[in-house]
Amino acid sequence: MMDTEQATLKTQTESEVQDLYDAVVIGAGSGGLTVAVGLSTLGKSVALIEANDIGGDCTNVGCIPSKSLLHHSAKHLETGSSSREVLSTVRDKRNQLRDTEQHEFGEMDGIDLIFGRAKLSSATTVEITANNDSQLTKTISASNIIIATGARPRPIPIDGLPAERYVTNETFFEQTELPKNLAILGGGPIGLEMAVASRALGTSVTVLEAASDLLPMLPDKAGVAVRNSLEAQGITIRTGVTAKRYDDASRTLYVGPIDGQESGSVQDVDAVLVAVGRIPNSAGLGLETAGVETERGFITTDRKGRTNVSSVWAIGDVTPRSQTTHGANAWGRRVIKAIAFPYMPTSSDPIVPSAIFTRPEVATIGEHPEEITDDINRLTLDLSTIDRAYTDEVAHGVLIVDVRRLSGKVLAVTIVGPRAGELIGVASLAMTNDIPLHKWYPVVWAYPTYSGAFGKIVDMHMSETLTNLKRESRRWVGGVTRRWRS
């Protein structure tokens, strides 16, 4: 959290704050910073309001500390660092970046950085309450109000679990040292990344996932590859169960199906990391007063990022459209374009990839269909069979590409393996520009590389298509007909 020195670095005083701005941005996380900088660069006057620390979740309790922890946990065997030393280093790196960002954005021309809590009093006015004085307020107006307040961990009550043993991503990095035995509730990005980092630093880790499979949104082979790799690292994975209650005397966490009775337990649990999703920070913003519509707490927007109120916009985790830092940035750029150049046409929604930085990494883009129809071809390559994986002794990995038969249109890509977060950029570029797979054929991939796996996928597609043109044509026509009728 902000200390006194940070809070006074560039906080605007009453006399410095204008009454009227071109835009007020509420929330100085990744999306809010993108919009504030973009609009100010284009000559717009911007007020940027932040209730806590600049940088939002990404800088303070998300991307930056988590990836730093993963990096330093990987170096643990080389350096012999303890979890106490690693966590201290992670906090120092995070704090240094936060202070740098606060100084840079606080001194940026065209942006008034204001620390306080914002609430809409109309569709064009915002009331700001100082963090240290609930009675001190300032009202400012703007032609555009952009809400980028993010989200917070979804709380899950666990009967009997003391508060000091209950951990979320907001408190994980504040621990002095890692617990000896950690139970992680939720097998999503946060849960799995912290499982890998904690295990590398010597913690005994059990991941509890309520779904029947790990990463159920991905094709089966991807989930299996991830699970096999995590278990090989010594991480215990239990699917189909969640936490039911905790006995502090014996440090036992009792578990069972989400809609059932207790069916087992995890022994000697020192702490429980709850990572079962996030809820939007939309309460207390005065949305009802301004007439802004929400759905399940999320602010609904159109393809430009505009809400049902023409002067109010929303981006990032507070909307249902994006739950990643880069997704918030992408939607932030769309809002900049819509405000600064309102008559320019709006493109289709951005195709946003996601990545989980476990070992191996997991990256995906597009939506894999639950059912593979005749006109879709699922191309699968075991990454452990390529030469670079052989040299690096990679045991678990897979590349899965779903394409339309005949046309080669790329529908979805999932990668489990080293540098998956980097490799997914190839698929993102191709899908954004609608480059069919047969146009990848002339591409020359360096050898030996993991990116060369795409060349093997292209070869599969070309071989199946060219040797079965009649069959592929029939399936393609059938798919087009089915989609047209639906």
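The values are calculated or read from the model by the stated rules, or taken from the named source; none is laboratory data. Only a predicted model underlies this, so the values are computations on that prediction, with no experimental measurement involved. Counting neighbours? That spans all protein chains shown, and the Cβs are built from the backbone with ideal geometry, glycine included.
Inspect all residues belonging to the range 326-339 and state whether any of them is in a loop (DSSP other than H, G, I, E, B) and either assigned by TED's automatic domain parsing to the domain that holds Gly32 or surrounded by fewer than 22 Cβ atoms within 10 Å (Cβ to Cβ) (or both). So that I can check it myself, show each step before the final result.
Here is the first cut: in the range 326-339, the residues in a loop (DSSP other than H, G, I, E, B) are none.
No: zero hits.
Got a number for residues in the range 23-52 being of a type in the set (Ser, Thr, Tyr) and touching a Lys or Arg at 6+ places or on another chain (Cβ under 7 Å)? Outline the logic, then answer.
Of the residues in the range 23-52, the ones of a type in the set (Ser, Thr, Tyr) are 30, 34, 40-41, 45.
Remaining after also requiring touching a Lys or Arg at 6+ places or on another chain (Cβ under 7 Å): 34.
So the answer is 1.
Residues of the range 60-86 being assigned to a helix (DSSP H, G or I) and either closer than 17 Å to Ile315 by Cβ or not assigned by TED's automatic domain parsing to the domain that holds Asp317 (or both), which ones?
Going residue by residue through the range 60-86, those that are assigned to a helix (DSSP H, G or I) are 60, 63-74, 76-79, 83-86.
Cys63, the sole residue that qualifies.
From the set of residues in the range 155-209 that are among the small types (Gly, Ala, Ser) and part of a helix (DSSP H, G or I), which is nearest to the chain's Cα centre (by Cα)?
We begin by selecting, within the range 155-209, every residue among the small types (Gly, Ala, Ser); these are 160, 163, 183, 186-188, 191, 195, 197-198, 200, 202, 204.
Then keep just the ones that are part of a helix (DSSP H, G or I); that gives 163, 191, 195, 197-198, 200.
Numbers: Ala163: 26, Gly191: 12, Ala195: 17, Ala197: 18, Ser198: 20, Ala200: 23 Å.
The residue in question is Gly191.
Note down all Cβ pairs under 8 Å where the first residue falls in the range 167-181 and is touching a residue at least 24 places away in the same chain (Cβ under 8 Å), the second is basic (Lys, Arg) and part of a helix (DSSP H, G or I), and they're at least six residues apart or on different chains.
Note: pairs meeting the criteria are Phe173/Arg91; Phe173/Arg94; Glu174/Arg91; Thr176/Arg84; Glu177/Arg84.
Condition first: among the β-branched types (Val, Ile, Thr) and assigned to a helix (DSSP H, G or I). Now tell me which residues in the range 422-457 satisfy that. Reasoning before the result, please.
So in the range 422-457, the residues among the β-branched types (Val, Ile, Thr) come out as 424, 426, 432, 435, 443-444, 449, 457.
Across the range 422-457, the qualifying residues are Ile424, Val426, Thr432, Ile457.
Exactly one of (1) outside the structural domain of Gly38 (by TED's automatic domain parsing); (2) surrounded by 12 or more Cβ atoms within 10 Å (Cβ to Cβ) is unmet by Pro345. Its number?
Only one criterion is unmet by Pro345, namely (2).
State which residue pairs qualify: first residue free of Cβ contacts under 8 Å to residues at least 40 places away in the same chain and inside the range 381-399, second residue outside any loop (DSSP other than H, G, I, E, B) and crowded, with 18+ Cβ neighbours inside 10 Å in any location, beta carbons under 7 Å apart, and separation of 6 or more residues or different chains.
Correct list of pairs: Asp382/Val398; Val394/Leu383; Val394/Gly417.
When you scan the range 387-408, how many residues do you find that are under 26 Å from Gly479 (Cα atoms), touching a helix residue (DSSP H, G or I) at 6+ places or on another chain (Cβ under 8 Å) and not polar (S, T, N, Q)? Break it down stepwise before answering.
Pass one, the range 387-408, residues under 26 Å from Gly479 (Cα atoms): 399-408.
Checking which are touching a helix residue (DSSP H, G or I) at 6+ places or on another chain (Cβ under 8 Å) leaves us with 399-401, 403-408.
Next cut, not polar (S, T, N, Q) only: 399-401, 403-406, 408.
The total comes to 8.
Let me spell it out: the conditions are (1) among the small types (Gly, Ala, Ser); (2) modelled with pLDDT of 95 or more; (3) in a loop (DSSP other than H, G, I, E, B), and Ala243 meets all of them except one. Which number is the exception?
Unmet for Ala243, out of (1) among the small types (Gly, Ala, Ser); (2) modelled with pLDDT of 95 or more; (3) in a loop (DSSP other than H, G, I, E, B): (3).
Pull up the range 218-240, narrow it to residues that are assigned to a loop (DSSP other than H, G, I, E, B) and among the hydrophobic types (A, V, I, L, M, F, W, C), then point me to the one that is modelled with the lowest pLDDT.
Step one: of the range 218-240, the residues assigned to a loop (DSSP other than H, G, I, E, B) are 218-219, 233-235, 240.
Still in the running and among the hydrophobic types (A, V, I, L, M, F, W, C): 218, 235.
Working: Leu218: 91, Ile235: 98.
Residue satisfying both the conditions and the ranking: Leu218.
Would you check if there is a residue in the range 207-221 being in contact (Cβ under 8 Å) with a residue 24 or more places away in the chain, buried (at least 21 other Cβ atoms within 10 Å of the Cβ) and of a type in the set (Gly, Ala, Ser)?
No: zero hits.
On the given criteria, is Val276 in contact with a Ser or Thr (Cβ under 6 Å, 6 or more places away or on another chain), of a type outside the set (S, T, N, Q) and touching a residue at least 24 places away in the same chain (Cβ under 8 Å)?
Values: in contact with a Ser or Thr (Cβ under 6 Å, 6 or more places away or on another chain): no; of a type outside the set (S, T, N, Q): yes; touching a residue at least 24 places away in the same chain (Cβ under 8 Å): yes.
For Val276, the condition - in contact with a Ser or Thr (Cβ under 6 Å, 6 or more places away or on another chain), of a type outside the set (S, T, N, Q) and touching a residue at least 24 places away in the same chain (Cβ under 8 Å) - is not met.
In the range 298-321, is there at least one residue being under 30 Å from Ile158 (Cα atoms) and either without any contact (Cβ under 8 Å) to a residue 24 or more places away in the chain or exposed (fewer than 14 other Cβ atoms within 10 Å of the Cβ) (or both)?
Yes - at least one qualifying residue is present in the range 298-321.
Listed here are the residues, each with its yes/no results for (1) buried (at least 21 other Cβ atoms within 10 Å of the Cβ); (2) modelled with pLDDT of 95 or more.
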| site | (1), (2) |
| --- | --- |
| Ala36 | yes, yes |
| Ser40 | yes, yes |
| Ala47 | yes, yes |
| Ala51 | no, no |
| Gly62 | yes, no |
| Leu69 | yes, no |
| His72 | yes, no |
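Would you mention how many residues in the range 361-377 are outside any loop (DSSP other than H, G, I, E, B) and out of contact with any His (no Cβ under 8 Å at 6 or more places or on another chain)? Talk me through it step by step, then tell me what you get.
Step one: of the range 361-377, the residues outside any loop (DSSP other than H, G, I, E, B) are 361-366, 376-377.
Narrowing further to those that are out of contact with any His (no Cβ under 8 Å at 6 or more places or on another chain): 361-366, 376.
Selection size over the range 361-377: 7.
Tally up the residues in the range 248-279 that are buried (at least 21 other Cβ atoms within 10 Å of the Cβ), under 19 Å from Asp317 (Cα atoms) and touching a helix residue (DSSP H, G or I) at 6+ places or on another chain (Cβ under 7 Å), please.
Looking only at that region, the number is 1.
Could you please let me know if Thr129 is surrounded by fewer than 17 Cβ atoms within 10 Å (Cβ to Cβ) and either of a type outside the set (Gly, Ala, Ser) or within 28 Å of the chain's Cα centre (by Cα) (or both)? Can you show your working first?
Working: surrounded by fewer than 17 Cβ atoms within 10 Å (Cβ to Cβ): yes; either of a type outside the set (Gly, Ala, Ser) or within 28 Å of the chain's Cα centre (by Cα) (or both): yes.
So Thr129 passes the test.
Within the range 186-203, does at least one residue satisfy the condition of being under 17 Å from Tyr254 (Cα atoms) and either crowded, with 18+ Cβ neighbours inside 10 Å or free of Cβ contacts under 8 Å to residues at least 24 places away in the same chain (or both)?
Step one: of the range 186-203, the residues under 17 Å from Tyr254 (Cα atoms) are 186.
Adding the requirement that they be either crowded, with 18+ Cβ neighbours inside 10 Å or free of Cβ contacts under 8 Å to residues at least 24 places away in the same chain (or both) leaves 186.
So far as the range 186-203 goes, yes, one or more of its residues are under 17 Å from Tyr254 (Cα atoms) and either crowded, with 18+ Cβ neighbours inside 10 Å or free of Cβ contacts under 8 Å to residues at least 24 places away in the same chain (or both).
Restricting the first residue to the range 97-124 and requiring it to be under 12 Å from Asn52 (Cα atoms) and in the same structural domain as Ile145 (by TED's automatic domain parsing), which pairs with a second residue that is surrounded by fewer than 19 Cβ atoms within 10 Å (Cβ to Cβ) and polar (S, T, N, Q) meet a Cβ separation below 7 Å and a spacing of at least six or different chains?
Listed pairs, sorted by first residue: Phe115/Asn131; Gly116/Thr129; Gly116/Asn131; Arg117/Thr129; Arg117/Asn131.
Please verify whether Gly110 is among the small types (Gly, Ala, Ser), under 24 Å from Val35 (Cβ atoms) and within 27 Å of the chain's Cα centre (by Cα), treating the condition exactly as stated. So that I can check it myself, show each step before the final result.
Working: among the small types (Gly, Ala, Ser): yes; under 24 Å from Val35 (Cβ atoms): yes; within 27 Å of the chain's Cα centre (by Cα): no.
Here the answer is no, as Gly110 does not meet what is asked.
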